[in-house]
1. Could you list, in sequence order, all residues of segment 205-238 that are on the phi < 0 side of the Ramachandran plot, over 19 Å from the mean Cα position of the chain (by Cα) and open to solvent by 70 Å² or more (accessible area, probe 1.4 Å)?
2. Taking segment 71-87, which residues are part of a helix (DSSP H, G or I), in contact (Cβ under 8 Å) with a residue 60 or more places away in the chain and open to solvent by 10 Å² or more (accessible area, probe 1.4 Å)?
3. If you go through segment 94-121, how many residues are in a loop (DSSP other than H, G, I, E, B) and either without any contact (Cβ under 8 Å) to a residue 40 or more places away in the chain or among the aliphatic types (A, V, I, L, M) (or both)?
4. How many residues does segment 137-192 contain that are open to solvent by 40 Å² or more (accessible area, probe 1.4 Å), of a type outside the set (A, V, I, L, M) and under 19 Å from the mean Cα position of the chain (by Cα)?
5. Can you tell me which residue among 68, 62 is among the basic types (Lys, Arg), in a strand (DSSP E or B), open to solvent by 20 Å² or more (accessible area, probe 1.4 Å) and touching a residue at least 60 places away in the same chain (Cβ under 8 Å)?
6. Could you list, in sequence order, all residues of segment 193-204 that are under 21 Å from residue 51 (Cα atoms), open to solvent by 20 Å² or more (accessible area, probe 1.4 Å) and part of a helix (DSSP H, G or I)?
7. Can you list residue pairs whose Cβ atoms sit under 7 Å apart, with the first residue in segment 205-218 being more than 15 Å from residue 36 (Cα to Cα) and the second being open to solvent by 10 Å² or more (accessible area, probe 1.4 Å) and in a loop (DSSP other than H, G, I, E, B)? Count only pairs 6 or more apart in sequence or on different chains.
8. Only one residue in 94, 46, 14 is aliphatic (A, V, I, L, M) and buried (at least 18 other Cβ atoms within 10 Å of the Cβ). Which one?
Amino acid sequence: MLTEVTAIRYVTPLREGGSLPGIVEADDLGTYVMKFTGAGQGRKTLVAEVVCGQLGRRLGLRVPDLVRIQLDPVIGLSEPDQEVQELLKASGGLNLGMDYLPGSLGFDPLAFEVGAEEAGRVVWFDALIGNVDRSWRNPNMLVWHGRLWLIDHGATMIWHHGWRGLDKAATKPYDASDHVLAPFAPDIAAAGRALAPRITEELLTEVVADVPDEWLTDEPGFDGPDAVRRAYVEVLLERAATVGTRITLAERAGEGPSKAPEWLRVWVDGKASR
């Protein structure tokens with residue numbers, strides 16, 4: 001089970017994402033990026049964060065630690081931003097926190113090199129969970145202490161937003177042409193050989209057990225939280241067996257501007273010209 005902490009101070013909102021996550025301090029002296037149950041995307045975003053984040057960590061990928069965060073709505077009474085105040089008021093109770101990585105930089109493919117092995121593992125993992133939010137438009141990766149970290153898995157497992165057509169979800173192809181790591185010649189075959197055998201029923205059962213019951217209750221078509229957990233296990237287990245053969249790496253649809261700061265682009269251009 002995820003460690004549970006209590007938020008004691010709301011620090012600042014992070015306005016890069018549509019869900020308006022915020023930085024909070026907790027009673028364990030930790031600082032976290034908090035994602036709220038009251039956000040417009042709803043609790044399934046938090047379920048996806050837990051399932052995919054914990055699965056990524058179990059596969060050896062770098063994902064910040066996750067915690068359960070209890071929030072008292074009174075913490076938002078002094079917040080001057082009306083939008084943030086309403087979000088905090090709507091999110092009383094259990095929410096999700098991700099360990100804050102101070103000093104980290106947003107990943108930019110023009111500034112940081114990624115080896116074919118690591119790129120392949122990230123692309124294979126994103127194909128497994130159906131991640132549509134790791135493109136050059138929005139990499140959702142950080143570089144911290146010179147290493148690549150994966151964040152923001154809320155836009156994954158699209159099938160759990162309706163559960164209809166679950167049989168097709170297991171064999172759905174994955175187009176990685178716009179994946180931010182596509183230019184690094186990801187070794188997808190090697191990643192499949194290394195990771196697919198590790199996706200076992202036992203592993204997935206342990207991962208989905210970290211999702212709180214209250215985020216799985218009242219799911220249409222299911223008898224209770226354990227039945228919903230079982231559905232996640234079944235589709236991911238079946239998908240892992242063949243997803244490597246369903247990944248497309250074609251020429252990307254377009255080029256996105258670098259999001260690196262000016263000083264970093266100048267430094268990279270200087271290295272390239274030497």
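1. Scanning segment 205-238 gives 213, 214, 220, 223, 226, 230, 234, 238.
2. Selection gives 75, 83, 87.
3. 5
4. Final tally of qualifying residues: 8.
5. Working: 62 fails: in a strand (DSSP E or B).
Only one candidate qualifies: 68.
6. Once the filter is applied, which keeps residues that are under 21 Å from residue 51 (Cα atoms), open to solvent by 20 Å² or more (accessible area, probe 1.4 Å) and part of a helix (DSSP H, G or I), segment 193-204 yields 194, 196, 197, 198, 201, 202.
7. Between residues of segment 205-218 that are more than 15 Å from residue 36 (Cα to Cα) and residues that are open to solvent by 10 Å² or more (accessible area, probe 1.4 Å) and in a loop (DSSP other than H, G, I, E, B), the close pairs are 210/1; 210/2.
8. On the way: 94 fails: buried (at least 18 other Cβ atoms within 10 Å of the Cβ); 14 fails: buried (at least 18 other Cβ atoms within 10 Å of the Cβ).
Answer to the selection: 46.
The values are calculated or read from the model by the stated rules, or taken from the named source; none is laboratory data. Values in this document were obtained by computation on a predicted structure and should not be read as measured data. Backbone-built Cβ (ideal geometry, glycine too); neighbour counts: all protein chains shown. Accessible surface is based on the protein model in full, side chains and every heavy atom, while ligands, DNA and RNA are left aside. Shrake-Rupley method; radii C 1.70, N 1.55, O 1.52, S 1.80 Å.
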